[in-house]
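Working notes, structure below.
The values are calculated or read from the model by the stated rules, or taken from the named source; none is laboratory data. Keep in mind that what you see is a predicted model, and the values were worked out from it rather than measured. Cβ sites come from the backbone with ideal geometry, for glycine too, and all protein chains shown count toward neighbours. Note: accessible area is taken over every heavy atom of the protein model, side chains too, but ligands, DNA and RNA are not part of it. Shrake-Rupley method; radii C 1.70, N 1.55, O 1.52, S 1.80 Å.
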Amino acid sequence: MNIQILYGTESGNAELLAMDLEEHLASEGEHEVELADLQDFDPADLDASKYYIVACSTHGEGELPYTAQSFYEQLVELSPDLSGIYYAMFGLGDRFYEETYSQGSEVLDSKFAELGATRVGEYGRHDASSLEISPSDAALEWLPQALAAFSEIREDVPAAS
């Protein structure tokens, strides 16, 4: 499976989480895995032959983190057709701020859906108020169901003849 992990971060938590996901997937030896910061990723490079895992934190009062802002602005400006793009979303936030909890990822998720992309699997989240589990551990627990959802899509696609 060809997987591209994209992350948007302000303080580095989403980046560390994304790096841990990349390391885990690469160690399985079953996937081609690429990692990119959203600030370095062009929305025109979204490719239907890949599956996307998007990890995004929330900054300030529910805003996108710094490294996701230009990517989002390009999505808004260009409005590309993202039909055929499948992604899984993992958001970081703090339930203490209940009105804006994980809203950075929700902003991206809404824009992806508006442009025709399809989110698969459960929406993953990490609550910074929870001292019981790290963001990376929460994402690694969430990952198997995202991979299973991607596998179901692959099975639904007819083989080329």
If you check 137, 109, which single one turns out to be more than 26 Å from residue 45 (Cβ to Cβ), part of a helix (DSSP H, G or I) and not hydroxyl-bearing (Ser, Thr, Tyr)? 137
Is it true that residue 35 is in a strand (DSSP E or B) and out of contact with any Phe, Trp or Tyr (no Cβ under 7 Å at 6 or more places or on another chain)? yes
Go through the residues of segment 80-95 one by one and say whether even a single one is of a type in the set (Ser, Thr, Tyr) and at pLDDT below 95. no
For segment 61-86, name all the residues that are outside any helix (DSSP H, G or I), without any contact (Cβ under 8 Å) to a residue 60 or more places away in the chain and open to solvent by 60 Å² or more (accessible area, probe 1.4 Å). 61, 63, 79, 81, 83
